Every structure is written in C-alpha cells, then in structure tokens.
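This report concerns only the one structure given below.
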Amino acid sequence: MAKTTSALRLLCLLVCVVICRTDDDVLTSTNFRWCVARDDVSTTLLETYVKETCKVRTCTSIQPGGPCYISPSWCNKKNSAKKHASYLLNWDYKKTLVCSKTLGKIIYDNPSRGRCRYP
C-alpha cells in the first residue's frame, strides 16, 4: 500500500509540474504553430498582399538588408513572394490568432532559417 501511495503522489506531482508550468512556451497557443502562404496562391496575389500590408506596417525584416529579405529575381520570384507573404501572415497570426484562409495555412515546423526568425 505504501508503494502505491508513493507512486500515486509522484505521478500527481509530475502531472502538476506539466500542467502548472507558467512559462510562455506552454501558455502561448500559437507558439508551435505558424501561418504561412499556401502553395496554390498566385505570385501576383502574394505580391499584392505584401505591398498592401507594407503600406500600413513596417516591413523592415523583408525589405533589402532585412534578415528575411529574398531578392525577387526572375528565377525565384514565386519563392520570394511566398516567403515575404509568409512572414507577414505569421506576424498577423501571432497578433490576432487568425490565419488567413484565402492566403495561408497552419504549419507545425518552424519556418525560421538562419537570421530570419519568424515571430
């Protein structure tokens, strides 16, 4: 009986530690989710989204010299538009908890690479 009681107390303690954690990683519901541009969205629509969004927000991270800037040369125009839109979509998602159904999708693998850190 003593072994059962001790084991039960230990189990309760472990459950409490997991449930009662107060660090931001556990409390933030979007911490392990990112909103990125869908593959089937046209480059033109993504470029328009980036252009219009950057009219009302500072977009230094995705502008030349920024850590997430990708030059839109002819060979990677789609990739550039997708990455820039993804960064902005995720920024909105982290602030509003809404991922645009028209442009975005939720992923569970962090899209950050190198110096480009997604919010």
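Only the coordinates and a few stated rules stand behind these numbers; no lab work does. Not measured: the values here are computed from a predicted model. Note: ideal-geometry Cβ built from the backbone for every residue, glycine included; neighbour counts use all protein chains shown.
Sites listed here are trypsin sites (Lys or Arg not before Pro) in region 40-119 whose DSSP assignment is loop and whose Cβ has at most 11 other Cβ atoms within 10 Å: 57, 101, 115.
Bridgeable lysines around residue 105 (alpha carbons under 30 Å apart, same-chain partners fewer than 8 residues away excluded): 51, 55, 77, 78, 82, 83, 94, 95. Scalar couplings 3J(HN,Hα) for region 45-54, obtained by applying the Karplus form with A = 6.51, B = -1.76, C = 1.60 to θ = phi - 60°, are 5, 5, 4, 5, 4, 4, 4, 5, 5, 6 Hz; x denotes Gly and Pro. Which residues does a label at residue 44 reach in region 76-119, if reach means a backbone N under 17 Å from a point 7 Å past the Cα toward the Cβ? Counting backbone N atoms under 17 Å from the label point, the list is 77-79, 81-82, 103.
Between the beta carbons of residue 77 and residue 31, assuming R0 = 35 Å, the FRET efficiency works out to 0.65 to the nearest 0.05.
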